[in-house]
Amino acid sequence: MPGKEHPIHDMIVVNKINEKIVANLKAAKYVSTTTPLFADEISKFNKNVVVFPNAINPNESQFKEPTPESDKIRIGWLGGSSHLHDLQLLDQSFSKLTKYSDKLQYVLCGFDTRGTVTEINAQTKEHKKRNILPHETVWAQYEKIFTQNYSIVSEDYKKYLLNYTQEEFSNENSESYVRVWTKPVQSYAKNYSKFDVSLAPIKNHMFNRMKSQLKVIESGFYKKALIASNLGPYTIDLKHCLENGNFVDGNALLVDENRNHSDWAKFIEKLVKNPNMVKDMGERLYETVKDKYDLNVVTTERAEFYKSIV
């Protein structure tokens, strides 16, 4: 059951989908899931749980896109439309980094203005559905976080962004923010080639703690430095690489829940001042994931399990 802030919470409650999921777990002979954390939770309903993590095929073209050179450190986020409360964890920190606007570029990937809203007539209670307007989308709210309400971009670029056009802006790469429109599932991962540092903020609640570490896996295969919340799926493979302000062995920068107000900014600033660590962290993360989460390895393990139960 996701929290009340999740877009599909009410739909799940009305249709009792959470109860149906639990009933299915109890009815199944075996259950496979993506993390040991989720397996522990599922085992309360079914003891026959096996873990097969999410994995990727590194030979897919979407995981082979080269990253262009830049004189800025590009900070990126790639995700869907249910993460407003996660991204709000970054707002306070981003406001502290405006002095580095000439050295940083924020990249928001997955921008999408499609969808509908339902309006209810107060007098007649009639429900009327219409297409959502671009400025009403959650992506417009995301963008305000990444641009500090458009204060870090030029006036010309702000006008362009607020037109919500997919036509190219000629001087985009010189700006401190770049909007990247959504891509099909077969090519979405190419967006990782547009930045150097991947962000993975999540609020601390059960629904998030049971998610998979796919963000870690994708960032790792793309050799991106990763800054992530120190909870749930990001505690499985990640090891913090700062100790007393100095870089030590590790493969990511992890933000504790009680440090959300400061450490996202602190760690980004650390990478601005130590740009070589961006590449080093990316290489270390790649070494962590390249074999363990290769689709060929995980598929072989899955097949062997299926054979064993037949």
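The values are calculated or read from the model by the stated rules, or taken from the named source; none is laboratory data. Remember, it's a predicted structure, so these values are computed and weren't measured experimentally. Here Cβ is always computed from backbone atoms with ideal geometry, including for glycine, and neighbour counts include all displayed protein chains.
Using beta carbons and a limit of 8 Å, which pairs, at least six apart or on different chains, have the first residue in segment 230-244 and at negative phi and the second one of a type in the set (Phe, Trp, Tyr) and in a helix (DSSP H, G or I)? The qualifying pairs are Leu242/Phe267.
Residues of segment 127-146 that are polar (S, T, N, Q) and closer than 12 Å to His83 by Cα: Gln141 alone. I'd like the residue in segment 145-192 that is basic (Lys, Arg) and within 17 Å of the chain's Cα centre (by Cα) and, out of all such residues, is farthest from Ile73 (Cα to Cα). So the residue we want is Lys183. Examine segment 215-232 for a residue that is at pLDDT 95 or above, among the acidic types (Asp, Glu) and surrounded by fewer than 17 Cβ atoms within 10 Å (Cβ to Cβ), and state whether such a residue exists. So far as segment 215-232 goes, no, none of its residues is at pLDDT 95 or above, among the acidic types (Asp, Glu) and surrounded by fewer than 17 Cβ atoms within 10 Å (Cβ to Cβ). Among the residues of segment 85-140, the ones that are loosely packed, with under 12 Cβ neighbours inside 10 Å, farther than 30 Å from Phe267 by Cα and charged (D, E, K, R) come to 7 in all. Screening segment 60-179 for strands (runs of 3 or more DSSP E) wholly inside it with 3 or more residues that are in contact with an Asp or Glu (Cβ under 8 Å, 6 or more places away or on another chain), without any contact (Cβ under 8 Å) to a residue 24 or more places away in the chain and within 30 Å of His6 (Cβ to Cβ) returns the ranges 127-131. Residues that are among the hydrophobic types (A, V, I, L, M, F, W, C) and either loosely packed, with under 14 Cβ neighbours inside 10 Å or out of contact with any strand residue (DSSP E or B) (no Cβ under 9 Å at 6 or more places or on another chain) (or both) within segment 290-304 comprise Val297, Val298, Ala303, listed in sequence order.
Among residues of segment 233-255 being among the acidic types (Asp, Glu) and in a loop (DSSP other than H, G, I, E, B), the one that is surrounded by the fewest Cβ atoms within 10 Å (Cβ to Cβ) is Asp249. The number of residues in segment 12-43 being modelled with pLDDT of 95 or more, under 25 Å from the mean Cα position of the chain (by Cα), among the aliphatic types (A, V, I, L, M) and surrounded by 15 or more Cβ atoms within 10 Å (Cβ to Cβ) comes to 3.
Scanning segment 292-310 for residues that are assigned to a loop (DSSP other than H, G, I, E, B) and within 22 Å of the chain's Cα centre (by Cα) yields Lys292, Tyr293.
In this structure, does Arg74 turn out to be among the charged types (D, E, K, R), buried (at least 16 other Cβ atoms within 10 Å of the Cβ) and in contact with a strand residue (DSSP E or B) (Cβ under 9 Å, 6 or more places away or on another chain)?
In short, yes.
The residues listed here are Asn258, Asn208; of these, the one that is among the polar types (S, T, N, Q) and either part of a loop (DSSP other than H, G, I, E, B) or more than 15 Å from the chain's Cα centre (by Cα) (or both) is Asn258.
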